[in-house]
Amino acid sequence: QIMSTTPTDQTLPVCILDYAGYEELAVDFGDTNQLVVDTSKTIMYRMVDEPIPNPVLTSLFFHEQWSPSSPDGLNFGVPALTATFNPDTMDAFTGVLVKAELIEACWSEEFNGCIQCWDNGTPFLNANDLVGKVAFFQFNAAPPQCFPYYFQWAQLAEQAGARGVVFGTSEDHFYHVPGMYLSGVTIPFFSIMHLHSQTIEEMIEQSFRTDGVEVKLPELIGRSGPPYFATEDRDMGLVVIGAWKDYENNQGDDEKTQFHCTAGQATYNPLEFEGIKFPDFANQIGLDEGRVSEATPTDSCMSRDTCAKCLTSNIHVEQPEGNNPSPVVIMYEEKFPCYHSYMQFTLAANYVGATGLLVVNSDPIFAYTMGASGTYSAYRAELPTFNVPSSCGQRLTERVPVPAPLEAKHSVHVHLPVISNGTAVLDEMTENYMGYVEEENELEETTISLKMDLKMHEVHDLILNQTWLDAPCPYMKCQVGQAAYNPYTMRSVEAQVLPISIHSDCSFQATCVECDARENKYFKYGTEVPASDMLVKDKIVLIKIEQGFCLLPLSNMLYHMQEMGAAAMLIVNSKDETRTLEQIGIPFDLKIPIFNMMLSQGTSVLNYAMNDKIWVRTPRIEHGVAMVEGVFDVELSENNQIIEPDPGEVDPVTVEVKGGSDDAAMIIGVVVGILLICVICCGGGWV
């Protein structure tokens, strides 16, 4: 072959020969040591001319009729690299796979040893067995140095009468496409990863028949087979999976919590799936619904060293324990090193009778769409499959004995969304990730009243500068959003506002496991003082929504504050808007109300509350809805907006003055003085 690494022809051709070619050429030299060579018709080989197949990855499908570990037969599809020297076109065919056995001389690492290999006529001990078959090469290390190029193995197999080649590389990944395209090979050549070639070797050794393992080689068009991966990058979007957990915390106490995980969908999910809802914990109904069990790998599937034994068996996971015949199975990617496709997880979970599957990926934050590949590219699984970040997987299984029997004290349950036409439907759990409902279902805004505890100079400022008109809320009446899960009936509550901050571990998805393990998650705002029962009791707590990702949904925080003795809870939204809060399937008995405030007003209230200077009065609740009109004698318009009264008819601010009766008299004097000034000024105008 004439070699060139540049896109232009070389002026001086360089010829690279194998030893056999060199010997033939040496004979032609004769005694003169000179030889005339005509290169005018020689094809110039240039690496840039290599016709790289598109796609480079296709699928091979192996079939074994029977073996001790798979008596029902084994069908096994793997990704494979095509070669640039493959035929341009070829029909698909199925052939018997035969492992090629080399003579000892061909394993030599010395030049003289390779000479013996080359002089043998054929490098194969079983050359006759390869006739009409598909030759299989399996090397646990680098291929023998006597034949350093891929195309040479294809040439040798073709010379022995083989119909094709399956070549097992010594790596568990693909580095480059086999070449070179001018080798003159006419049979197809495919290379596969080491863990798969080991598996195929195990299949051959287990089989009792010489023709026990068959391989289907794909149709080739333009040297390429059907694509192993999907031909389009299909992003199905993320869904939200709800989780409910009953566990034992670091202090040995029983703790209940709920949380949400973002999850990616699978392109091969069933067309229709009715979803899985939370059990009715209050009435002890359906306690096996959505119960999570972890599927752990069998001993052979735990290590790459035993992948061959793993993949030649139909059983890859241990049967989940406990009296839970139809669990939602959770499987960690990192625990199944022998798998190369998501479909393998789905098939394994289906084998143990799962009703749903969560595959935990290695990323702590992101989830993504899972595509079918190879022989399953058009497959629709019966089992719904989703993938979740590692932080979610850890939260699901941390501190809970998974799998757990139904009678177990601690358990984990998940809510899986409905699937319609192959895509997850945005049901209540998904739509209300933050606990908000759609606009058409919103409850009317209601009103809370503020009461401030101010020093003398602060009251002077409010009156003289009229800052009471816009701080924190107009006329000290703040419009707030309601919650659909507020108590059915509750009287008005008046209490001091306590601003609460949340530990930073609880604000980021990647550290939610650390958050769950923390004894103190809540603190008095702006301090490192933990929010104890004594501190929270009989207070109205105020929390900013931008904190506490790991503690969502908001009913979680409300339950935590209720357990500490809080009277009510206010949430500061991330925008200047109020919304109705709603959540389906809350596992707690909530007895205190929650309201949400606009960002600007909530922030202003928080600033006053940091100095223990503000109280809030909540509205009375009847039939689950706050009494909007008449509670505080505030007149509302048709669209529930406050109709501002004449400032002269309304006490501008409700305050408790600190400093004694003299200060109170001074305030009265200031007010009277302002009124006298107004009369004098106005009177002058009347004259």
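The values are calculated or read from the model by the stated rules, or taken from the named source; none is laboratory data. Bear in mind the structure is a predicted one, so any value in this text is a computation, not a measurement. All Cβ positions, even for glycine, are placed from backbone atoms using ideal geometry, and neighbour counts span all protein chains on display. To get the accessible areas, we keep the full protein, side chains included, count just its heavy atoms, and leave off ligands, DNA and RNA. Shrake-Rupley method; radii C 1.70, N 1.55, O 1.52, S 1.80 Å.
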Checklist (1) closer than 24 Å to Phe508 by Cβ; (2) more than 36 Å from the chain's Cα centre (by Cα) applied to Pro619, failing item: (1)
Residue among Asn314, Asn361 that is touching a strand residue (DSSP E or B) at 6+ places or on another chain (Cβ under 8 Å) and either open to solvent by 50 Å² or more (accessible area, probe 1.4 Å) or modelled with pLDDT under 85 (or both): Asn314
Selection status of Phe136, under 26 Å from His63 (Cβ atoms), surrounded by 16 or more Cβ atoms within 10 Å (Cβ to Cβ), among the aromatic types (Phe, Trp, Tyr) and under 39 Å from the mean Cα position of the chain (by Cα): yes
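Just to be sure before I move on: is Met236 open to solvent by 10 Å² or more (accessible area, probe 1.4 Å), modelled with pLDDT of 75 or more and under 25 Å from Ser391 (Cβ atoms) in the structure I sent?
Values: open to solvent by 10 Å² or more (accessible area, probe 1.4 Å): yes; modelled with pLDDT of 75 or more: yes; under 25 Å from Ser391 (Cβ atoms): yes.
Criteria met by Met236.
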Selection count, the stretch 141-190, where residues are within 35 Å of the chain's Cα centre (by Cα), modelled with pLDDT under 90 and either closer than 20 Å to Ser108 by Cα or assigned to a strand (DSSP E or B) (or both): 3
Criterion: among the small types (Gly, Ala, Ser), modelled with pLDDT under 95 and part of a strand (DSSP E or B) - qualifying residue of Ala510, Ala495: Ala495
Among (1) surrounded by fewer than 18 Cβ atoms within 10 Å (Cβ to Cβ); (2) of a type in the set (D, E, K, R); (3) within 30 Å of Cys338 (Cα to Cα), the one test that Arg163 misses: (1)
Residues located in the stretch 398-431, provided they are at pLDDT 55 or above, open to solvent by less than 30 Å² (accessible area, probe 1.4 Å) and outside any loop (DSSP other than H, G, I, E, B): Ser411, Val412, His413, Val414, His415, Leu416, Ile419, Ala424
